[in-house]
Structure formats: C-alpha cells, structure tokens
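> Would you mind keeping the following structure in view while I ask a few things?
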Amino acid sequence: MKHSTSQRALLLVNRHSRKGQKTFFQVVNQLQALGFELFEESTEQPQQLPDIIRRYCDRVDLVIIGGGDGTLNAALEGLVDTQLPIGILPLGTANDLARTLKIPQSIPEACQIIAMGHQERIDLGQVNHKYFSNVASLGLSVEITRQLNKEAKRRWGVLAYAVTALKVIWKARPFRAEICLGDKSIRVRTVQIAVGNGRYYGGGMAVADDAAINDERLDLYSLEYRRWWQIILLLPAMWQGKQAEWQGVRTLQGKEFEIYTGRAQPVNADGELVTHTPAKFRLVPKAVTVFVPNLPVLPG
C-alpha cells in the first residue's frame, strides 16, 4: 500500500542491534516503497537520540525507530518533548514493547503498520526523571543486565535472558528496602523489586496478568524469598504474570512509588542501567503516540 501523500520520517536504526545491520537496506527500501521520505541518522551513541529528534522536530511528521527496547528507551525523552508519533521496527533481542503493542517481528509487516497510520496514545513510567516504557527494577534484574553481554544476545537471542537469569538467581542475596505508596510505608527483605508500566519485559515475562500499557497505573512486585530454588519454582508463573498468586511475592498498584534502600542500589529501566536509589517512580499517562495494528490490541 503506497501513501497518497509522502510523509517525512526521521529513521533511526541501531545497526548494532541483533538484526539492525542485516536489515537496514531492507527497511529503507520497504519504507520508500510505501511512500516515506526518509532522513536517516545514526544511533551509535544512544544518549544523543533525544537531541537528534528535537533537531528534526519541524522537518518530519514522524520518527521510525529500528532497534530493541534499549534504543527505544534512549529516544523516549526526545519523543515526549516533541510529541512526534513513533513507528517501531522490532530489531532487538527481546522487543518487549513491540510485543506489548502487538507489532509483528516481520519487518515488512511492521513497516506496513506504520504506513496504515493507526495511532494510539500510551503511558510511560518515570524513575528519577528517566522515562521507561516496559519496566524499571532493582535487585536480580540489575545483575542480569550487567552480565547479559551483546555476544550472548546475538548468539542466543531471548534464551540469553533465561540462561543469564539462572546464573544470577543461584547467587541471589536479599536486601532491605522501604516501599512508600501514598502515606503507607512497607519495609521488605527482597531479592527484586520491579515496577511495570507496560505488559512485557525481560524477553516476554508479564508484569501482571492484567497489565496494559494504557491502563494509567504502575504495577509493582517484590520477590521476598530467602532461597534461590524458590525463585526458580516461581519462574513459570512470572512468564504468565501470575506471580501475585504466590506466597512470598508482594504486589502493589498505584501511580507513584518511592523506594529507599540502606545502601544505594542501581536501577535499570527497559534493560539499561539508568539511576540508583532512592528512586521515585511515577506514571506519565498518555505520554506518547505510537503506530499500532488497527486491532483492539490495547484495552481501555
């Protein structure tokens, strides 16, 4: 389907992503065939993406991002500031945001969705001034992020997350934290606290079984286990977002949380280390516009 009027798009492709280098020319040809006029910029240094997007604000109609969740996360600040709509081409390893939005992994199909032009507003989360779309967390997931190298992701794909998780869980040590929600304060001994905005994270695990990226709420869970094998038993439930049903898992919902720890703990957002505790999490409702399939994919 060719566009009746040519749309100008800023194209940001992470050529270092799992499929970026291989599919770059396919992406360009596909989008041009669909009638897009492309302005291509490099994503070699993700921290520069917001400035690149701001620079193109008056020259383009939309931003098309090819990469994984890390590339998308790096761009969020610029997308919120300019309010340009986002087309997503899932070229990373986990592609959890694309999965949440029901965007297919096939590049021709993902390009077609952008060309169809169906848009929805989605929520974002924010932790200490850093936006995230999927999840922000501390504890186990930070160690997984540290150990999950590019080579493993390239070779094993999503399986790399599972293999790395098993290595990390075996050595898991609980830490003390205070979770504040409104005027409530809860002291916990936990191995992981995660705050989810979207539905999927970590290669396809669900934040909660009814989580949606436009439900205007954050879902928090805390894994309060002492022994590594208890976490292993929990993993199948986490893939379905059913961890709330398990003893030893605390779940909370809200629009704002604050987390304090004795010693500063690093926090990761969408798989990137971005800040540390004390951490303030808040919901940013209907923060950005994305191109999604014209299906009832998003509740609400």
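> Mind listing whichever residues of segment 116-132 are crowded, with 19+ Cβ neighbours inside 10 Å, hydrophobic (A, V, I, L, M, F, W, C) and closer than 19 Å to Leu101 by Cβ?
Ile122, Leu124, Phe132 - these are the residues of segment 116-132 that are crowded, with 19+ Cβ neighbours inside 10 Å, hydrophobic (A, V, I, L, M, F, W, C) and closer than 19 Å to Leu101 by Cβ.
> Can you name the residue in segment 133-147 that is more than 16 Å from the chain's Cα centre (by Cα) and modelled with pLDDT of 70 or more and is also surrounded by the fewest Cβ atoms within 10 Å (Cβ to Cβ) among such residues?
For segment 133-147, the residue satisfying everything is Arg146.
> Moving on to the next point. Would you kindly identify the strands (runs of 3 or more DSSP E) lying entirely within segment 1-91 that contain at least 3 residues that are under 21 Å from the mean Cα position of the chain (by Cα)?
7-13, 62-67, 86-90
> Sort out which residues of segment 194-220 are buried (at least 20 other Cβ atoms within 10 Å of the Cβ), at positive phi and more than 13 Å from the chain's Cα centre (by Cα), and write them in order of number.
Across segment 194-220, there are no qualifying residues.
> Next question. Taking segment 221-250, which residues are at pLDDT 80 or above, outside any loop (DSSP other than H, G, I, E, B), out of contact with any helix residue (DSSP H, G or I) (no Cβ under 9 Å at 6 or more places or on another chain) and surrounded by fewer than 16 Cβ atoms within 10 Å (Cβ to Cβ)?
None - no residue of segment 221-250 is at pLDDT 80 or above, outside any loop (DSSP other than H, G, I, E, B), out of contact with any helix residue (DSSP H, G or I) (no Cβ under 9 Å at 6 or more places or on another chain) and surrounded by fewer than 16 Cβ atoms within 10 Å (Cβ to Cβ), so the list stays empty.
The values are calculated or read from the model by the stated rules, or taken from the named source; none is laboratory data. Predicted model, so just to flag it, every value in this text is computed and none were measured. Note that each Cβ is placed from the backbone with ideal geometry, even for glycine, and that neighbours are counted across all protein chains shown.
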